[in-house]
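As structure tokens, the structure follows; a few thoughts come after it.
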Amino acid sequence: MASISLSISSPSSITAISNRASINSSTSSNSINLRFCGLRREVLGFSSLKQSCSSTNIRSVRQQYSTKISASSSSNGSANGKGFDYDLVIIGAGVGGHGAALHAVEKGLKTAIIEGDVVGGTCVNRGCVPSKALLAVSGRMRELQNEQHMKAFGLQVSAASYDRQAVADHANNLASKIRNNLTNSMKALGVDILTGYGSVVGPQKVKYGDTVITAKNIIIATGSVPFVPKGVEVDGKTVITSDHALKLETVPDWIAIVGSGYIGLEFSDVYTAFGSEVTFIEALDQLMPGFDPEIGKLAQRVLINPRKIDYHVGVFASKITPAKDGKPVQIELIDAKTKEHKETLEVDAALIATGRAPFTKGLGLENINVETQRGFVPVDERMQVIDKDGKLVPNLYCIGDANGKLMLAHAASAQGISVVEQVTGRDHVLNHLSIPAACFTHPEISFVGYTEPQAREKAQKEGFDISVAKTSFKANTKALAENEGEGLAKLIYRPDNGEILGVHIFGMHAADLIHEASNAIAMGTRIQDIKYAVHAHPTLSEVLDELFKLAHVNANVTSQVKEPVAA
């Protein structure tokens with residue numbers, strides 16, 4: 001069947017984290033309700049009007065907001081705090097620090113950002129940006145190699161090949177371009193970019209190099225580095241981390257990938273497209289343990305089983321020795337539970353994809369009575385740092401991978417923007433359950449919110465029912481036109497009030513499709529509202545349209561939108 005809808009009863013409820021926050025505006029105590037596509041939500045902190053939201057009203061608000069941004073962005077301003085060099089100093093110029101800096105300048109804060117390496121951090125230089133360049137190539141390579149797929153379009157393609165160095169250059173050039181864009185955007189707005197490793201030397205004091213500066217508020221945004229387990233010897237040539245793999249200095253005939261999360265899956269997509277054989281080594285009892293189990297099973301059937309990939313689950317790589325003296329890379333596997341030796345693998349290379357560790361050493365946290373937890377800086381829900389006595393440290397915040405709440409680049413940026421909102425007088429608590437995640441394999445995987453087991457557990461604990469709706473990409477015209485009908489979208493929700501608890505997608509452009517769901521969760525939009533939104537036909541967006549329409553909300557639940565959108 002192309003579409004399935006099923007209901008699951010549970011004696012308890014699920015309470016999603018609310019993203020409602022009290023908004024204290026210095027300009028107005030009211031707010032305007034803007035209505036788009038039948039969805040009503042208070043946004044941007046404008047004052048409320050009781051009349052209908054006509055195009056004239058919206059245009060007026062946009063003009064006022066545009067003027068406000070232009071005025072605040074014309075310069076970096078001067079420090080408003082008494083005796084401070086800056087209103088805000090950010091340690092770390094990755095995606096999180098960059099997002100915070102731009103928003104701070106928009107708010108009129110005199111801002112500086114300190115970077116000891118290169119602007120852009122992990123994401124731009126050694127992570128999501130260059131990896132997407134490699135995946136773009138691997139996706140095209142995979143399509144050209146699929147003779148049956150090309151014949152379905154009436155196309156005949158001769159044997160596809162690639163130039164390894166040219167592919168590597170593409171990734172490197174993209175990273176360089178994005179890095180320059182980030183640097184120029186901050187310079188254009190007047191953000192002071194200070195070079196050196198930053199550390200906190202006291203309350204509202206930061207040191208970089210031999211210079212000490214003061215700031216009314218400080219944000220730590222130092223990111224993370226690849227985590228390498230004990231017993232693993234990394235030589236950067238035959239035993240590598242993602243940092244090395246992104247340079248694509250070699251394409252080994254046989255590579256073992258330790259870990260089957262986002263990083264491992266994406267690199268398996270790259271290496272197999274370029275002709276490598278891959279062996280996954282996973283400590284848990286199943287591959288892709290971080291994904292919804294149903295999505296994971298389908299993804300394994302499409303991304304793992306047909307490709308030159310085998311795997312070992314429930315085992316640790318207790319020792320990995322690089323290739324040397326004519327001997328291959330040696331990997332000793334032990335049982336994850338009993339710790340007994342199982343076997344020794346000999347491969348051409350090994351990629352360590354076991355996650356990331358916070359980069360927080362040398363920050364001087366001991367100077368302000370702060371102690372890290374497994375390397376992470378402890379923070380509250382507003383990203384404010386907590387000292388070892390459990391007290392909030394005034395004027396000090398930590399965002400992104402360094403706090404460990406959600407190790408995604410866009411989460412770091414959202415946290416940074418949230419902090420700037422707070423220090424400029426508007427309380428804001430970020431709803432992390434509304435932040436989407438994506439794995440850029442071919443096809444892609446994306447999700448937001450709870451997995452089905454997590455939702456079931458929460459429902460049983462808190463006392464109400466959940467329901468699940470599913471639809472296949474095989475029911476979507478655009479997917480079929482692209483000959484990409486392999487895919488599934490899954491919605492987990494509360495039938496009693498229409499709250500969206502989680503959405504999981506496996507299929508073509510899943511990473512782009514997830515945002516309709518994540519924005520709905522962030523804005524508190526319920527199924528009974530969003531199911532009336534109109535989607536262009538034929539587009540992949542109709543996968544979500546079908547999914548929401550399949551959901552059955554109790555008949556006595558009314559829509560939040562009681563007034564029609566202006567004609």
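Ala438 passes every criterion in (1) open to solvent by 10 Å² or more (accessible area, probe 1.4 Å); (2) in contact with a Lys or Arg (Cβ under 8 Å, 6 or more places away or on another chain); (3) aliphatic (A, V, I, L, M) apart from (2).
Scanning the stretch 345-398 for residues that are open to solvent by 50 Å² or more (accessible area, probe 1.4 Å), of a type in the set (A, V, I, L, M, F, W, C) and either farther than 25 Å from Leu430 by Cα or not in a loop (DSSP other than H, G, I, E, B) (or both) turns up just one, Leu392.
Considering only residues that are open to solvent by less than 10 Å² (accessible area, probe 1.4 Å) and of a type in the set (S, T, N, Q), which ones fall in the stretch 86-129? Hit for the stretch 86-129 is Thr111, nothing else.
Can you confirm whether Ala166 is over 30 Å from Val419 (Cβ atoms) and among the small types (Gly, Ala, Ser)?
For Ala166, the condition - over 30 Å from Val419 (Cβ atoms) and among the small types (Gly, Ala, Ser) - is met.
Being touching a residue at least 12 places away in the same chain (Cβ under 8 Å) and either closer than 29 Å to Ala522 by Cβ or aromatic (Phe, Trp, Tyr) (or both) narrows it down to one of Val329, Val379, Val347, so name that one.
Result: Val379 is the single residue among Val329, Val379, Val347 that is touching a residue at least 12 places away in the same chain (Cβ under 8 Å) and either closer than 29 Å to Ala522 by Cβ or aromatic (Phe, Trp, Tyr) (or both).
Taking the conditions (1) at pLDDT 95 or above; (2) open to solvent by 50 Å² or more (accessible area, probe 1.4 Å) in turn, Gln148 satisfies each one other than (1). Note on the stretch 194-227: residues that are surrounded by fewer than 17 Cβ atoms within 10 Å (Cβ to Cβ) and outside any strand (DSSP E or B) amount to 6. Here Lys319 fits the description: more than 18 Å from Glu444 (Cβ to Cβ), outside any loop (DSSP other than H, G, I, E, B) and either among the basic types (Lys, Arg) or more than 28 Å from the chain's Cα centre (by Cα) (or both).
Within the option set Lys205, Lys247, being under 25 Å from the mean Cα position of the chain (by Cα) and over 19 Å from Phe280 (Cα atoms) holds for one residue only, Lys247.
Yes/no per residue for (1) buried (at least 24 other Cβ atoms within 10 Å of the Cβ); (2) in contact with a Phe, Trp or Tyr (Cβ under 8 Å, 6 or more places away or on another chain); (3) assigned to a loop (DSSP other than H, G, I, E, B):
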| site | (1), (2), (3) |
| --- | --- |
| Leu430 | yes, no, yes |
| Leu433 | no, yes, no |
| Ile445 | yes, yes, no |
| Arg456 | no, no, no |
| Lys474 | no, no, no |
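Considering the stretch 179-193, and only residues there that are assigned to a helix (DSSP H, G or I) and open to solvent by less than 50 Å² (accessible area, probe 1.4 Å), the residue that is nearest to Glu106 (Cα to Cα) turns out to be Leu189.
Flag: Gly355 does not match the condition of being farther than 20 Å from Pro226 by Cβ and among the small types (Gly, Ala, Ser).
For the stretch 325-337, the tally of residues that are out of contact with any Leu (no Cβ under 6 Å at 6 or more places or on another chain) and under 17 Å from Gly231 (Cβ atoms) stands at 7.
The values are calculated or read from the model by the stated rules, or taken from the named source; none is laboratory data. Computed from a prediction, not measured in an experiment: that's the story for all the values here. Reconstructed Cβ throughout: ideal geometry from the backbone, glycine too, with neighbour counts over all protein chains shown. Ligands, DNA and RNA are stripped out before the accessible areas are found, and what is left, the full protein with its side chains, is counted by its heavy atoms. Shrake-Rupley method; radii C 1.70, N 1.55, O 1.52, S 1.80 Å.
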